[in-house]
Amino acid sequence: MTTKDEFLTLDEAVSKLSTTRATFNRWLKSGQITGAKVGRQWRFRSDEIDRFLAGKEPVIKLSTSPDRLIKSLTEIAKIEVPHEKTIQAAAHLILMAAIKTGASNIHVDIVMREGKKTGTIRNRVDGIIHEYTTYDARLHKPLIQELKKLSNLDVTETKKTQLGRGAIPLGRDKEIYILANILPSALGECFSGQILDPAATTLGFNGLLKAGTGPKQNDLGRIRNALSCLHGLVLTTGPNKCGKSVTAYAMIHDLDLEKRLLITVEDQVDIGLVNAVQMSVDKSSHIDYPELIAAASRVAPDIVFISEIRSPEALAQALEAAESCLVVATMNAVDSIQALMKLRDWGTTSFELGDCINLIQSQRLVKRLCQECKVSYTSSDEDRSLIRQVFSQHGRVMPDPLPGLFTHSDNGCEFCHHRGHQGRSLIGETLTLSKTLLESLAVKPNVNELLEIAIGDGTESLCLHAAEMLLDGRISLEEVHRVAGDLIDRSAINA
């Protein structure tokens, strides 16, 4: 049976710490102090307040042990088991396991399986979701609380979505950022984290080429030529999660910013750029992309970077800015031809496009076959016919005899963590706007007609890039169909 002085009211706890309510609430929301709500009133254990005064972490009482979860995570991450097997250690290991295995996204969810609640940890690696492990649902709430702390989120808020960011130290001089989202699902809160490596913004194209995610040489030459202009719009496009932002950052990195003013307009500033004035959209104040792009243009910048063009209004401001400075931007579109048609459908004339756009680059990311365990096979007549059509569309002859194609091993190997794939590569294309292409665009032709003109003007399509990598044994035909099946089918029809 508890005695009266074991629990404190909010005012008593504030008084004991000799602080203000505002400061106490900050400590409470950050998880430095723990309490419980009884009805609408907060209650705090006196010994927990004493622990806080002594500079110690709050004690989290669990109804089950996290040992199995911690063991599973250390095996995945291939790191030593921590001395203290606490829920705090488990939360940190979730993030470390994701970083060590090259994941881009982390998902810690509570779901129903076989009629009972189950905690799951699923990470996205090379664009595909992999389930790492499951855990006792009784650990889910305290685990989410710890992940909130690491992401600088409000641990007392459990009914609303939250967005935050945390930093995970890797060694003495490096940090990895976690862009965290909290989703209040019907079964409990779920944590989703995007891993942001600041080094990705400082790679440049040479770094991307070394990592295997850079454009091919023909496209790289066209991109650098477009970036050498003092004004005009350079647009990188593709579907979601295709690496557009990384390519755009590489474009910015390769520009000389020592004597040029760079202003960025972003959803939110996740990673700081050197020698840049960075602005973020503030929806609560109704400050959106068009307003910020217009504001950036008024201060006579040399370069404006727009993280994404999402509306006709933002496009109009971007094109206006491109008349006086270099603009680098991203936009969601299937490929460069579809991006061009999207710009036209947003009310831009062929004259305006030709006057302002230096280049449209489009890309997708495909999983690279593990070179240690890939498996060769004899291609079918249908496969050879498809590859021949892509080469024929560009006026090229398919190699004869056709090299053997490769696919992934079912069980993989140690080198690729038994996935059959190791990393991702970029397949892409670049489009410059010739007079013939713009004249054709003005009469609203179909996609295939525009693609044929673009290829005649020197564009090497995304499908051709995929076919070349396929014959080099770097990717599988199955992966090409998964990522770019719509474009492959269109090429076959056009051929």
Just to be sure I understand, how many residues within segment 300-346 are under 23 Å from LYS444 (Cβ atoms) and of a type in the set (Ser, Thr, Tyr)?
2
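Identify the residue in segment 409-438 that is part of a helix (DSSP H, G or I) and touching a helix residue (DSSP H, G or I) at 6+ places or on another chain (Cβ under 7 Å) and, among all such residues, is surrounded by the fewest Cβ atoms within 10 Å (Cβ to Cβ). Full working, then the answer.
At the first step, the residues of segment 409-438 found to be part of a helix (DSSP H, G or I) are 435-438.
Next, only the ones that are touching a helix residue (DSSP H, G or I) at 6+ places or on another chain (Cβ under 7 Å) stay: 436-438.
Working: THR436: 12, LEU437: 24, LEU438: 19.
Top of the filtered list is THR436.
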Among (1) modelled with pLDDT under 90; (2) outside any loop (DSSP other than H, G, I, E, B); (3) over 30 Å from ASP109 (Cα atoms); (4) among the hydrophobic types (A, V, I, L, M, F, W, C), which single condition is LEU273 missing?
(2)
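Please work out if ILE144 is in contact with a Phe, Trp or Tyr (Cβ under 6 Å, 6 or more places away or on another chain), assigned to a helix (DSSP H, G or I), under 24 Å from SER30 (Cβ atoms) and outside the structural domain of GLN268 (by TED's automatic domain parsing).
On the way: in contact with a Phe, Trp or Tyr (Cβ under 6 Å, 6 or more places away or on another chain): yes; assigned to a helix (DSSP H, G or I): yes; under 24 Å from SER30 (Cβ atoms): yes; outside the structural domain of GLN268 (by TED's automatic domain parsing): yes.
So ILE144 fits the description; yes.
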If you scan segment 51-74, which residues turn out to be of a type in the set (Asp, Glu) and either at pLDDT below 85 or surrounded by 16 or more Cβ atoms within 10 Å (Cβ to Cβ) (or both)?
GLU57
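Out of LEU353, LEU405, LEU431, I need the residue that is in the same structural domain as VAL480 (by TED's automatic domain parsing) and at pLDDT 95 or above. Which one? Reasoning before the result, please.
Values: LEU353 fails: at pLDDT 95 or above; LEU405 fails: at pLDDT 95 or above.
Every option except LEU431 fails the conditions.
Restricting to segment 278-330, name every residue that is part of a loop (DSSP other than H, G, I, E, B), among the polar types (S, T, N, Q) and within 17 Å of ALA248 (Cβ to Cβ).
SER307
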Looking for something over 30 Å from ARG344 (Cα atoms) and of a type in the set (S, T, N, Q) - is there at least one such residue anywhere in segment 455-475?
no
Failed criterion for ASN446 (all others in (1) touching a helix residue (DSSP H, G or I) at 6+ places or on another chain (Cβ under 7 Å); (2) more than 13 Å from LEU369 (Cβ to Cβ) hold):
(1)
Name the residue, out of GLU57, GLU75, that is within 34 Å of the chain's Cα centre (by Cα), within 30 Å of SER15 (Cα to Cα) and not aromatic (Phe, Trp, Tyr).
GLU57
Take ILE106 and tell me if it is modelled with pLDDT of 90 or more and either of a type in the set (S, T, N, Q) or in contact with a strand residue (DSSP E or B) (Cβ under 7 Å, 6 or more places away or on another chain) (or both).
yes
Apart from one, (1) closer than 30 Å to GLU131 by Cα; (2) touching a strand residue (DSSP E or B) at 6+ places or on another chain (Cβ under 7 Å) all hold for ARG419; the odd one out is (2)
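Residues checked against (1) touching a strand residue (DSSP E or B) at 6+ places or on another chain (Cβ under 8 Å); (2) on the phi < 0 side of the Ramachandran plot; (3) outside any helix (DSSP H, G or I); (4) without any contact (Cβ under 8 Å) to a residue 40 or more places away in the chain:
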residue: GLU449; (1), (2), (3), (4): no, yes, no, yes
residue: GLU452; (1), (2), (3), (4): no, yes, no, no
residue: THR459; (1), (2), (3), (4): yes, yes, yes, no
residue: ALA466; (1), (2), (3), (4): yes, yes, no, no
residue: MET469; (1), (2), (3), (4): yes, yes, no, no
residue: ILE475; (1), (2), (3), (4): yes, yes, yes, no
residue: GLU478; (1), (2), (3), (4): yes, yes, no, no
residue: HIS481; (1), (2), (3), (4): no, yes, no, yes
residue: ALA484; (1), (2), (3), (4): yes, yes, no, no
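Residues checked against (1) of a type outside the set (Phe, Trp, Tyr); (2) assigned to a loop (DSSP other than H, G, I, E, B); (3) touching a strand residue (DSSP E or B) at 6+ places or on another chain (Cβ under 9 Å); (4) buried (at least 22 other Cβ atoms within 10 Å of the Cβ):
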residue: ILE337; (1), (2), (3), (4): yes, no, yes, yes
residue: GLY347; (1), (2), (3), (4): yes, yes, no, no
residue: GLY354; (1), (2), (3), (4): yes, no, no, no
residue: SER379; (1), (2), (3), (4): yes, yes, yes, no
residue: GLU382; (1), (2), (3), (4): yes, no, no, no
residue: SER385; (1), (2), (3), (4): yes, no, no, no
If you take the residues in segment 258-294 that are surrounded by 17 or more Cβ atoms within 10 Å (Cβ to Cβ) and acidic (Asp, Glu), which one is nearest to the chain's Cα centre (by Cα)?
ASP270
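Within segment 210-219, identify whether any single residue is surrounded by fewer than 18 Cβ atoms within 10 Å (Cβ to Cβ), touching a Ser or Thr at 6+ places or on another chain (Cβ under 6 Å) and in the same structural domain as VAL334 (by TED's automatic domain parsing), and answer yes or no. Before you say what the answer is, go through the steps one by one.
Step one: of segment 210-219, the residues surrounded by fewer than 18 Cβ atoms within 10 Å (Cβ to Cβ) are 210-212, 217-218.
Filter once more, keeping what is touching a Ser or Thr at 6+ places or on another chain (Cβ under 6 Å): 212.
With in the same structural domain as VAL334 (by TED's automatic domain parsing) added as a condition, the list becomes 212.
Yes, some residue in segment 210-219 is surrounded by fewer than 18 Cβ atoms within 10 Å (Cβ to Cβ), touching a Ser or Thr at 6+ places or on another chain (Cβ under 6 Å) and in the same structural domain as VAL334 (by TED's automatic domain parsing).
The values are calculated or read from the model by the stated rules, or taken from the named source; none is laboratory data. Since we're looking at a predicted model, the values are computed, not measured. Every residue, glycine as well, gets a Cβ built from its backbone with ideal geometry; the counts of neighbours run over all protein chains shown.
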